[in-house]
Amino acid sequence: MNRTDGLHLLSRIGDIDAARWDALLAASSPTLPPGLRHAYLETLEDTGCVGGRTGWTPAHATLWEHGEPIAAMPLYIKDHSYGEYVFDWAWAEAYLRHGLAYYPKWLSALPFTPIPGARVLGRDLRARRALLDAVLMQVRGSGASSFHVLFPADDERHLLIAAGLTIREGVQFHWENQPPDAGSENTSIPVASNPTRDDGCPPWKDFDAFLGSLNSEKRKKIRQERRRAAAHGLELRWLDGHDARAADWDFLGRCYATTYALHRSTPYLSPAFFHRLGERMPDAVRLLLALREGQPVAAAFFLCDEKALYGRYWGALENLPFLHFELCYYQAIEYCIDHGLERFEGGAQGEHKLARGLRPVRTYSAHWIADSRFRRAVDDYLARERNGMDCYVDELNERSPFRRNAQGD
């Protein structure tokens, strides 16, 4: 469907052709991150995970010129802050204390998916700038409290700052398929959208080589945990969307719901989501099953592209010590080594990942607050938070599990 020139907000991602959306993604990103592909966003909508009464109202922004889309952005109007992984509950509470409405707010993000990457898609920088300006004008005119962009790519920071948004920093833990710099003091950490070095350092040849880069205490601990997990006598089986059967996706749905129930939470994703995603994006999903005598007892779910494996969900129907670490970290690392992937992204939070060879990387979000008084207060808060983040990063560096001569002699 061709449209008149200018900004168009889409209540369904299906209102733009998948090929057009994915072409803009390809022009804006060195890879096609699975969570930002048209099929992924459409699956969320078609299976009722967003839209309706979920508090995620799609309003995807597209900018058109001469009958063609030249820029796009995943965009939602939010009635709450669940499923975002960047926490602004304190800001909402401050609005409430002053008798003001924080919700609805505008949000550019991947629902329930803290994978960093491009958020302002466009065929060139001019188009991306024009789209961001048009979206901000729309937000201002709506009377909403705020506009937020979560986990953008590092090269989008200057674009967002120039548009008047304030940057907030965070940290995730990713595993990289190459040794850290030999003798490095690890005084800085990379950004999530480009975490690996380009210095010609070869990837790990196997898991033992990776273990050899860790200090003896961490190396011994990982080996002990893997032995304890192996003692359960389970068969581990990797599947993609081509191999997985309906029963496998049903089982993953049970595991996913069980994990949320144990945390006294409500699952974000419907049972149909995993089935539909496996059908629509079979090359971009990975399912790891743990089976006893052919019957599954635990599962881990990942997204995958040509560069990285992304850890998403896990669950088990039995309490089996250390199986979580085996399925969610050690098997994922081995998979990346065996398939030549550059990194494994372990998802949001989790300092325990540091001890298992994942390294801290900086992440970002960007925020625009309509009320000038609150905007100044938020800017001040974020400046102080950034100072605290620097201290946190220093602490993480001091706890690095890698040997100083991680590359070997």
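Observations on the structure shown:
- Scanning region 332-348 for residues that are out of contact with any Lys or Arg (no Cβ under 8 Å at 6 or more places or on another chain) and farther than 18 Å from PRO202 by Cβ turns up ALA332, GLU345, ALA348.
- Region 8-108 holds strands (runs of 3 or more DSSP E) entirely within its bounds, and those carrying 2 or more residues that are of a type in the set (A, V, I, L, M, F, W, C) and within 22 Å of the chain's Cα centre (by Cα) map to 68-73, 105-108.
- Qualifying position, being in contact with a Phe, Trp or Tyr (Cβ under 8 Å, 6 or more places away or on another chain), of a type in the set (A, V, I, L, M, F, W, C), without any contact (Cβ under 8 Å) to a residue 12 or more places away in the chain and farther than 28 Å from GLY253 by Cβ, among ALA92, ALA101, ALA72, ALA59: ALA92
- Matching strands (runs of 3 or more DSSP E) fully within region 293-409 where at least 3 residues are over 30 Å from ALA246 (Cβ atoms): 359-369
- TYR256 meets the conditions (1) closer than 20 Å to LEU41 by Cα; (2) among the hydroxyl-bearing types (Ser, Thr, Tyr); (3) out of contact with any Phe, Trp or Tyr (no Cβ under 7 Å at 6 or more places or on another chain) in every case but one. The failed one is (3).
- Some residue of region 109-126 being among the aromatic types (Phe, Trp, Tyr), surrounded by 23 or more Cβ atoms within 10 Å (Cβ to Cβ) and in contact (Cβ under 8 Å) with a residue 24 or more places away in the chain: no
- The set of residues in region 282-292 being part of a strand (DSSP E or B) and in contact with a Pro (Cβ under 6 Å, 6 or more places away or on another chain) consists of LEU289 alone.
- Long-range neighbours under 7 Å by Cβ, at least six apart or interchain, first residue over 14 Å from ALA298 (Cβ atoms) and in contact (Cβ under 8 Å) with a residue 40 or more places away in the chain within region 212-238, second of a type in the set (D, E, K, R) and assigned to a loop (DSSP other than H, G, I, E, B): SER213/ARG403; LEU214/ARG403; ASN215/ARG403
- ARG264 vs. criteria among the basic types (Lys, Arg) and part of a helix (DSSP H, G or I): no
Let's see how each residue does on (1) more than 19 Å from LEU327 (Cβ to Cβ); (2) modelled with pLDDT under 95; (3) assigned to a loop (DSSP other than H, G, I, E, B); (4) not basic (Lys, Arg):
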position: CYS201; (1), (2), (3), (4): yes, yes, yes, yes
position: ILE222; (1), (2), (3), (4): no, no, no, yes
position: ARG226; (1), (2), (3), (4): no, no, no, no
position: GLY233; (1), (2), (3), (4): no, no, yes, yes
position: LEU236; (1), (2), (3), (4): no, no, no, yes
position: ASP243; (1), (2), (3), (4): no, no, yes, yes
position: ASP250; (1), (2), (3), (4): no, no, no, yes
position: CYS255; (1), (2), (3), (4): no, no, no, yes
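The values are calculated or read from the model by the stated rules, or taken from the named source; none is laboratory data. Please read all numbers here as calculations on a predicted model, not as lab measurements. For neighbour counting, all protein chains shown are included, and Cβ atoms are generated from backbone atoms with ideal geometry for every residue, glycine included.
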